[in-house]
Amino acid sequence: MKEPLGVIGAGWVGLVTAACFADLGHDVVVRDVVPERVAELEAGRVPIFEPGLAELLAANGERIRYTLDMADVFERARLAFVCVDTPPTHSGDADLSRVSRVVEELPDLAERMILIMKSTVPVGTGALVRERLDRMGLAHVGYVSNPEFLAEGSGLHDFRNPDRVVVGAFAQRDADAVAALYRFVEAPILQTDVASAEMVKMASNAFLATRVSFINEIANVCEVTGADVEAVARGVGLDHRLGPHFLRAGIGYGGSCFPKDTSALKQLAANSGYHFQLLTAVIEVNELQKRRVVWKLVKHLGSLRGTTIALLGLAFKPNTDDMREASSLVLSARLLADGASIAGYDPVAEEEARKLISGIEFAASAQEALAGADAAVLVTEWPEFAELDFADVAAAMRGQLVVDGRNYLDPAAVRAAGLLYEGIGRPGPNGKDR
Ligand SMILES: NC(=O)c1ccc[n+]([C@@H]2O[C@H](COP(=O)([O-])OP(=O)(O)OC[C@H]3O[C@@H](n4cnc5c(N)ncnc54)[C@H](O)[C@@H]3O)[C@@H](O)[C@H]2O)c1
């Protein structure tokens with residue numbers, strides 16, 4: 001009989017955690033505060049798009065229960081994962097109000113329990129929660145930092161095949177109890193103090209974001225010097241000291257993690273009296289990168305007033321409907337401000353996009369978005385865009401310009417259809433160096 005588990009927060013991390021542990025044979029109680037979300041999950045509908053998640057939750061339905069009541073979580077479980085959101089505040093710090101609420105809402109816990117923090121929190125959060133638990137008379141409740149490294153779109157695979165599991169605890173027996181849950185993974189289980197575990201997560205995301213901004217700056221220099229960033233990234237990535245990951249030039253990172261986590265680390269450093277210069281530049285490069293597409297459009301079209309631009313993809317990356325900090329948000333706002341009309345299409349994120357973007361037309365297909373467009377911008381590298389028949393695209397569009405914001409399309413195929421191809425950090429629209 002496997003240990004029953006609690007999961008607090010039914011978002012990407014919470015539902016993936018619940019599904020994967022239930023699949024391993026654990027009974028799991030999942031608690032959320034949004035009644036509609038709990039009702040949907042109870043009715044067998046999954047409120048987020050994550051490949052394979054709905055199927056895995058359904059297959060393990062008899063072991064998973066959803067609830068609004070925190071007391072239900074601890075009815076049988078002695079170990080509970082905290083997976084609530086930690087969005088940015090206006091100041092750029094992490095908003096820990098949901099984490100605080102979880103602590104406030106803990107029922108009277110007579111027996112020993114362990115709260116396992118999977119949410120990404122600033123260094124020092126565990127120490128604050130520990131103090132608070134002690135003040136609440138819950139000194140017997142353990143606290144473990146167990147940051148999550150999954151990426152949306154490959155969440156199930158990442159959860160089951162992590163590169164490492166990090167367990168930071170105040171007490172060895174708590175660390176051992178949590179590490180034991182991960183017996184199924186082949187990766188190293190790194191046991192640390194709580195602050196270091198918290199920092200592993202922040203530093204990892206900051207470093208990945210740094211790689212993205214780095215290759216984007218290299219791409220920008222490629223554009224003015226005539227090199228092709230795709231060849232450069234391949235060459236750089238073959239160095240075993242560097243590796244190929246997160247060296248894809250494009251229109252910047254988005255999503256629910258990199259922007260907020262880089263900002264939270266920058267602010268955490270500043271609050272502690274340190275100016276994190278490198279990370280400040282990483283964030284600024286990313287913001288500018290999102291806007292470079294506008295500059296590319298202006299270069300070809302002149303004024304954007306009265307033009308129609310097709311945006312292919314709206315989600316922050318493929319295989320998710322997550323629109324948080326998506327490049328399409330900045331791009332659509334900038335293009336509308338410059339007087340363009342926008343036809344946007346995303347295979348799965350339209351519903352989420354409608355909540356955040358107003359003033360654009362939502363198309364039901366790529367072809368519909370492209371019809372009559374003066375230019376097309378590939379924003380999200382959904383596989384279906386690589387399958388486009390560019391002769392059809394050329395016939396449907398009014399103009400000829402295709403800006404490939406992710407260097408995802410085959411430039412030769414686009415050009416063969418008589419279209420102008422502009423990538424990021426790649427040779428110019430005629431296939432020659434500019
Ligand atoms: N999404 C990712 O790819 C990812 C990856 C690694 C780490 N993380 C981190 O994990 C955390 C969760 O991220 P997410 O993307 O799953 O968030 P999310 O916004 O998708 O889900 C959070 C859920 O928590 C619920 N919630 C809020 N307060 C609650 C409370 N008091 N009790 C119960 N439920 C509550 C919300 O209603 C929501 O359903 C964040 O700190 C994030 O930075 C996310």
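The values are calculated or read from the model by the stated rules, or taken from the named source; none is laboratory data. Since the model is a prediction, treat every value here as computed from it, not as a measurement. Counting neighbours? That spans all protein chains shown, and the Cβs are built from the backbone with ideal geometry, glycine included. To get the accessible areas, we keep the full protein, side chains included, count just its heavy atoms, and leave off ligands, DNA and RNA. Shrake-Rupley method; radii C 1.70, N 1.55, O 1.52, S 1.80 Å.
The stretch 218-293 and the stretch 57-98 have their alpha-carbon centroids 31 Å apart. Here the Gaussian network model covers the chain, with springs between Cα atoms less than 10 Å apart; of ALA231, ALA269, ALA179, ALA231 fluctuates the most.
What the Cβ-Cβ distance of ARG305 and ASP193 gives, at R0 = 56 Å and to the nearest 0.05, is a FRET efficiency of 0.45. What you get for the chain, charging only the Cβ of Lys and Arg (+1) and of Asp and Glu (-1), is a dipole of about 1060 debye around the Cα centre. Overall, the anisotropy analysis places the chain in the prolate class: the square-rooted eigenvalues a ≥ b ≥ c of its C-alpha gyration tensor yield a/c not less than 1.5, with a/b exceeding b/c.
Connecting C-alpha atoms closer than 10 Å in a GNM of the chain, tell me which of GLU387, GLU368, GLU230 has the biggest fluctuation. Answer for the Gaussian network model of the chain: GLU387. The slack in the chain from PHE184 to VAL298, taken as 0.36 nm per residue of separation less the alpha-carbon distance, amounts to 35.7 nm. What the phi angles of the stretch 261-276 give under the Karplus curve with 6.51, -1.76 and 1.60, with θ = phi - 60°, is a coupling list of 6, 5, 5, 4, 5, 4, 5, 4, 4, 4, 4, 9, x, 10, 8, 7 Hz, glycine and proline written as x. Loop-resident trypsin sites (Lys or Arg not before Pro) (DSSP state other than H, G, I, E or B) in the stretch 320-408 with no more than 15 further Cβ atoms inside 10 Å of their Cβ: ARG398. Gain on full extension, evaluated as 0.36 nm per residue between SER100 and MET1 minus their Cα-Cα distance, stands at 32.4 nm.
Given a 1.4 angstrom probe, I'd like the percentage of the accessible area of the chain that is carbon and sulfur, rounded to a whole number. Working shown, then result.
Numbers: 10060 of 18650 Å².
Roughly 54 percent, rounded to a whole number.
Can you bin the stretch 204-341 into rounded, prolate or oblate? Criterion: square roots of the alpha carbon gyration tensor eigenvalues sorted a ≥ b ≥ c, rounded for a/c under 1.5, prolate for a/b above b/c, oblate for the rest.
Working: a/c = 1.80, a/b = 1.29, b/c = 1.39.
Oblate shape, in that a/c is at least 1.5 and b/c is the bigger or equal ratio.
Calculate how many DSSP beta bridges within the chain are antiparallel, expressed in % of all such bridges and rounded to the nearest 5. Counting only bridges with both partners in the chain, antiparallel ones make up about 5 percent.
Which translational diffusion coefficient, to the nearest whole µm²/s, is obtained for the stretch 1-156 from the Stokes-Einstein equation, given a Kirkwood hydrodynamic radius over C-alpha pairs, 10 °C and 1.306 mPa s? Don't skip to the end; give the middle numbers.
On the way: Rh = 15.8 Å.
Diffusion coefficient, whole number: 100 µm²/s.
Please report, in debye to the nearest 20, how large the charge dipole of the stretch 73-229 is about its Cα centre when each Lys and Arg carries +1 at its beta carbon and each Asp and Glu carries -1 there. Walk me through the numbers before you get to the answer.
Details: 15 positive and 22 negative charges, 104 e Å.
About 500 debye.
Relative to the current alpha-carbon distance between ALA71 and ALA39, full extension at 0.36 nm per residue lengthens the span by 9.7 nm.
Does the stretch 282-381 come out rounded, prolate or oblate, given a ≥ b ≥ c as the square roots of the eigenvalues of its C-alpha gyration tensor, rounded meaning a/c under 1.5 and, failing that, prolate meaning a/b above b/c?
Numbers: a/c = 1.72, a/b = 1.09, b/c = 1.57.
Taking the square roots of the gyration eigenvalues as a ≥ b ≥ c, the stretch 282-381 is oblate.
Each residue of the stretch 52-59 was assigned a 3J(HN,Hα) from its phi angle through the Karplus expression (A = 6.51, B = -1.76, C = 1.60, θ = phi - 60°), giving x, 5, 4, 5, 5, 5, 5, 5 Hz with x at Gly and Pro. Computed from backbone phi, the HN-Hα couplings of the stretch 404-415 come to 9, x, 10, 6, 9, 8, 7, x, 5, 5, 5, 5 Hz, rounded to whole numbers (Karplus: 6.51 cos²θ - 1.76 cosθ + 1.60, θ = phi - 60°; Gly and Pro given as x). In this rough spin-label picture, where each label sits 7 Å from Cα along the Cβ direction, the ARG241-ARG415 distance is 3.5 nm. Here the simple spin-label model places points 7 Å from the Cα toward Cβ, and for ASP338 and GLU287 these points are separated by 1.9 nm.
Using the heavy atoms of the protein chains and a 1.4 angstrom probe, tell me the accessible area per residue for the chain in square angstrom. Mind showing how you got there, number by number?
Numbers: 18650 Å² over 434 residues.
That works out to 43 Å² per residue.
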